[in-house]
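Here is the structure we will look at.
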Amino acid sequence: MGSSVTRKIIEAHLVEGQWAVGNEIAIRIDQTLTQDATGTMAYLQFEAIGIPRVKTELSVSYVDHNTLQGDFKNADDHSYLRTVAARHGIVFSRPGNGICHQLHLERLARPGRTMIGSDSHTPTAGGIGSLAMGAGGLDVACAMAGEPFRIKVPKVVGIRLTGALPPWVSAKDVILELLRRVDVKGGVGKVFEYFGPGVKSLSVPDRATITNMGTETGCTTSIFPSDAVTKAFLRAQGREAHWMKLEADKRAGFDEVIEIDLAALEPLAAMPHSPGAVKPVREIGKIPVQQVCIGSCTNSSLKDMKVAAAVLRGKTIAESLHLTVSAGSRQVVEHLVASGEMRDIVAAGTRILENACGPCIGMGAAPPSGAVSVRTFNRNFEGRSGTKDASVFLVSPEVAAATALTGVLTDPRELGAAPAIKLPKRFFVNDNMFIQPLDETAASSAAIIRGPNIAPLPAFPPLPDVLEGPALLKVGDNITTDHIMPAGAKVLPLRSNIPEISKYVFEAVDPTFARRAREAGGGFIVGGDNYGQGSSREHAALAPKYLGIKAVIVRSFARIHLANLINFGIVPLTFKNPADYDSIEPGDQIQVVIGSLLSRIVLRNVTDGTEAELVHSLSPLDAQILKAGGKLPWIKAQLEGRA
């Protein structure tokens with residue numbers, strides 16, 4: 001039996017363990033990526049580890065999230081990121097250069113490489129054949145320090161594509177179709193690997209749209225082969241030397257195969273408030289729309305922008321809505337300006353936003369109260385847009401542009417013949433907004449700028465054998481990291497200040513939570529299935545830890561959040577009998593004897609005298625890390641021991 005692309009890359013980077021589904025393995029990481037909302041904390045953690053220079057092949061610090069500079073906080077963080085990168089051997093992408101995933105795809109991602117990034121949409125690089133995974137900032141800091149990345153061997157699900165996309169149907173509809181089938185937790189413990197004759201009909205930006213939003217299934221990552229299409233894209237970027245052929249063997253042993261006939265797809269939309277609530281646009285109907293947003297790391301490539309320009313050319317957007325467009329990179333903008341297509345976009349009445357995440361992360365362009373917002377983004381969680389009662393639909397650029405013209409949710413096939421989109425054979429290449437790090441000699445004496453919003457890292461002691469406290473909060477299924485630690489212009493600037501940002505933990509669920517947690521001296525969170533889905537933001541673990549959260553007890557966890565809880569010394573436990581979730585009420589006093597975490601664990605509800613058996617998926621190493629108080633004190637002890 002042959003090997004998948006996933007297995008080939010993992011086995012080429014294997015440091016510890018053997019390939020068997022569920023086995024814990026350690027792999028060497030070639031590249032890392034951070035963005036400014038998570039990067040400041042990641043680099044503070046890297047500094048705390050004490051390694052003078054990164055040991056990866058390439059590490060890049062991007063600024064694309066916290067770009068609204070309402071006061072000094074974001075600007076100060078950017079100064080810190082620039083100077084810490086110069087000192088420690090990290091490439092720095094300046095504000096205005098573009099969105100990290102679009103930029104990395106264009107200029108730096110390479111087939112066959114491993115990468116982790118402190119952003120859950122890092123799998124975008126899977127569109128070029130990289131094994132790219134989202135992770136918490138502390139895991140990224142450890143990888144930069146030369147430590148391997150530990151994961152459980154995933155199931156590899158082959159997504160066999162046949163046919164070619166019909167007119168007005170795009171790559172966004174491919175991933176929406178997969179989400180329609182598997183929903184937001186159907187990818188947990190899996191890699192989605194695309195193969196089959198339909199793959200060759202998809203460009204690298206198409207593929208990147210699919211791997212980007214594959215994150216919403218909960219999967220470890222998504223990946224395409226590196227083939228002739230990949231080679232042509234790299235040649236157009238002046239990077240043909242980075243190409244390598246990398247395809248699954250003909251008899252690759254996929255654990256499961258899902259068939260998608262591209263020719264049978266139609267325009268789709270994810271309805272509020274979940275990326276998995278997918279229906280055909282024609283079935284949803286002509287809902288009045290007050291806002292349309294085109295952009296985000298999912299759909300901000302040159303092709304996406306050209307689609308918008310072609311649909312808008314010579315027309316004016318509907319009076320009932322406003323339209324925002326944010327390209328993914330300066331390269332994209334330069335092409336739109338040179339071709340005249342930027343004029344088509346502007347003349348139609350579009351609001352042009354900077355090359356950044358912007359509305360997707362809740363940074364500006366919040367819709368009106370009770371509005372319907374149609375967006376080409378990857379998430380539509382309740383309140384993420386900045387407006388609690390807004391209804392956000394996730395669609396392709398084709399659907400978004402058509403909707404902008406009509407004022408109602410529109411199937412673009414109603415517009416007539418689809419425009420023909422041509423991409424350049426050679427892209428404009430200008431890397432002057434990437435700042436290379438100082439050489440080692442100059443770096444050793446380089447100053448790092450730290451603004452007043454950058455607070456020292458809190459220190460957490462080793463865990464005791466017995467955890468006690470109240471059940472501070474009980475929540476249901478599919479709790480997202482947005483529920484736990486909100487995004488948006490008010491909270492994101494506090495990412496480098498744990499004492500301040502902790503005041504907003506669970507603000508959208510229970511505004512009293514942070515105060516109650518502090519007054520109680522900490523306690524427990526009880527939850528349902530898929531707890532912690534969404535962003536990789538480690539603040540959703542770090543800030544609760546600062547408030548004294550000792551354990552999170554749920555029916556099941558999302559992958560990255562589970563790892564982040566371990567990293568920061570919060571014990572992640574699940575009910576052996578899921579029905580025991582019903583036996584705990586908010587305010588109940590709980591006692592959990594964890595010991596070494598490697599024997600039977602029982603929850604005792606002191607309030608009503610009942611007991612429930614708890615289980616976990618922790619490895620012996622995970623248990624060591626937790627007992628040490630988290631990964632940072634553990635890894636520092638390891639490095640000191642080696643010294």
Subset of segment 407-434 that is β-branched (Val, Ile, Thr) and either surrounded by fewer than 17 Cβ atoms within 10 Å (Cβ to Cβ) or out of contact with any helix residue (DSSP H, G or I) (no Cβ under 8 Å at 6 or more places or on another chain) (or both) - its residue that is farthest from residue 83 (Cα to Cα):
408
Exactly one of 296, 274 is touching a residue at least 60 places away in the same chain (Cβ under 8 Å), within 27 Å of residue 65 (Cα to Cα), surrounded by fewer than 24 Cβ atoms within 10 Å (Cβ to Cβ) and not aromatic (Phe, Trp, Tyr), and that one is 274
What number goes with the only condition from (1) closer than 27 Å to residue 104 by Cβ; (2) of a type outside the set (Lys, Arg); (3) touching a Pro at 6+ places or on another chain (Cβ under 8 Å) that residue 263 does not pass?
(1)
Could you name every one of the helices (runs of 4 or more DSSP H) located completely within segment 170-238 that has at least 2 residues being closer than 21 Å to residue 559 by Cα and of a type outside the set (S, T, N, Q)?
171-182, 204-213
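Here is a yes/no grid of residues against (1) β-branched (Val, Ile, Thr); (2) over 27 Å from residue 180 (Cβ atoms); (3) touching a Leu at 6+ places or on another chain (Cβ under 9 Å):
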position: 250; (1), (2), (3): no, yes, no
position: 273; (1), (2), (3): no, no, no
position: 314; (1), (2), (3): no, yes, no
position: 327; (1), (2), (3): no, yes, yes
Of the numbered conditions (1) in a loop (DSSP other than H, G, I, E, B); (2) under 19 Å from residue 456 (Cβ atoms), residue 76 satisfies every one except a single condition; which is it?
(1)
Take residue 584 and decide whether it is touching a helix residue (DSSP H, G or I) at 6+ places or on another chain (Cβ under 9 Å), among the hydrophobic types (A, V, I, L, M, F, W, C) and assigned by TED's automatic domain parsing to the domain that holds residue 475.
no
If you check every pair at least six apart or on different chains, which have Cβ atoms under 6 Å apart with a residue in segment 476-503 that is buried (at least 24 other Cβ atoms within 10 Å of the Cβ) and modelled with pLDDT under 90 first and a residue that is in a loop (DSSP other than H, G, I, E, B) and among the β-branched types (Val, Ile, Thr) second?
496/454
Return yes or no: is residue 551 in contact with a helix residue (DSSP H, G or I) (Cβ under 7 Å, 6 or more places away or on another chain), at pLDDT 95 or above and closer than 26 Å to residue 499 by Cα?
no
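A quick yes/no check of all residues on (1) farther than 20 Å from residue 10 by Cβ; (2) among the acidic types (Asp, Glu); (3) crowded, with 19+ Cβ neighbours inside 10 Å:
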site: 172; (1), (2), (3): yes, no, yes
site: 211; (1), (2), (3): no, no, yes
site: 235; (1), (2), (3): yes, no, no
site: 245; (1), (2), (3): no, no, no
Every residue in segment 48-72 that is touching a Lys or Arg at 6+ places or on another chain (Cβ under 9 Å), surrounded by fewer than 21 Cβ atoms within 10 Å (Cβ to Cβ) and outside any strand (DSSP E or B), please.
48, 49, 50, 52, 53, 57
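Here's the yes/no breakdown for (1) among the small types (Gly, Ala, Ser); (2) out of contact with any helix residue (DSSP H, G or I) (no Cβ under 7 Å at 6 or more places or on another chain):
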position	(1), (2)
565	no, no
572	no, no
575	no, no
579	yes, yes
590	no, yes
606	no, yes
621	no, yes
630	yes, no
638	no, yes
Give the residue, chosen from 605, 567, that is touching a residue at least 60 places away in the same chain (Cβ under 8 Å) and either under 27 Å from the mean Cα position of the chain (by Cα) or surrounded by 12 or more Cβ atoms within 10 Å (Cβ to Cβ) (or both).
567
Considering segment 316-334 alone, what residues qualify as being out of contact with any Pro (no Cβ under 7 Å at 6 or more places or on another chain) and either within 16 Å of residue 408 (Cα to Cα) or of a type in the set (Ser, Thr, Tyr) (or both)?
316, 317, 318, 319, 321, 322, 323, 326, 329
Would you please list the contacts, defined by Cβ atoms under 7 Å and residues six or more apart or on different chains, that run from a residue in segment 127-139 that is touching a residue at least 40 places away in the same chain (Cβ under 8 Å) to a residue that is among the polar types (S, T, N, Q) and part of a loop (DSSP other than H, G, I, E, B)?
133/220; 134/120; 134/536; 135/118; 135/536; 136/118; 136/536; 137/118
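Name the one entry in 447, 471 that is within 20 Å of residue 517 (Cα to Cα), of a type in the set (Gly, Ala, Ser), more than 28 Å from the chain's Cα centre (by Cα) and not assigned by TED's automatic domain parsing to the domain that holds residue 384. Explain how you work it out, then say what you get.
Values: 447 fails: within 20 Å of residue 517 (Cα to Cα).
None of the others qualify; the one that does is 471.
Going by the conditions given, is residue 184 at pLDDT below 95, among the β-branched types (Val, Ile, Thr) and in contact with an Asp or Glu (Cβ under 8 Å, 6 or more places away or on another chain)?
So residue 184 fits the description; yes.
The values are calculated or read from the model by the stated rules, or taken from the named source; none is laboratory data. Just so we're clear, the structure is a prediction, and the values are computed from it rather than from any experiment. A quick note on method: Cβ atoms are made from the backbone with ideal geometry, for glycine too, and the neighbour counts reach across all protein chains shown.
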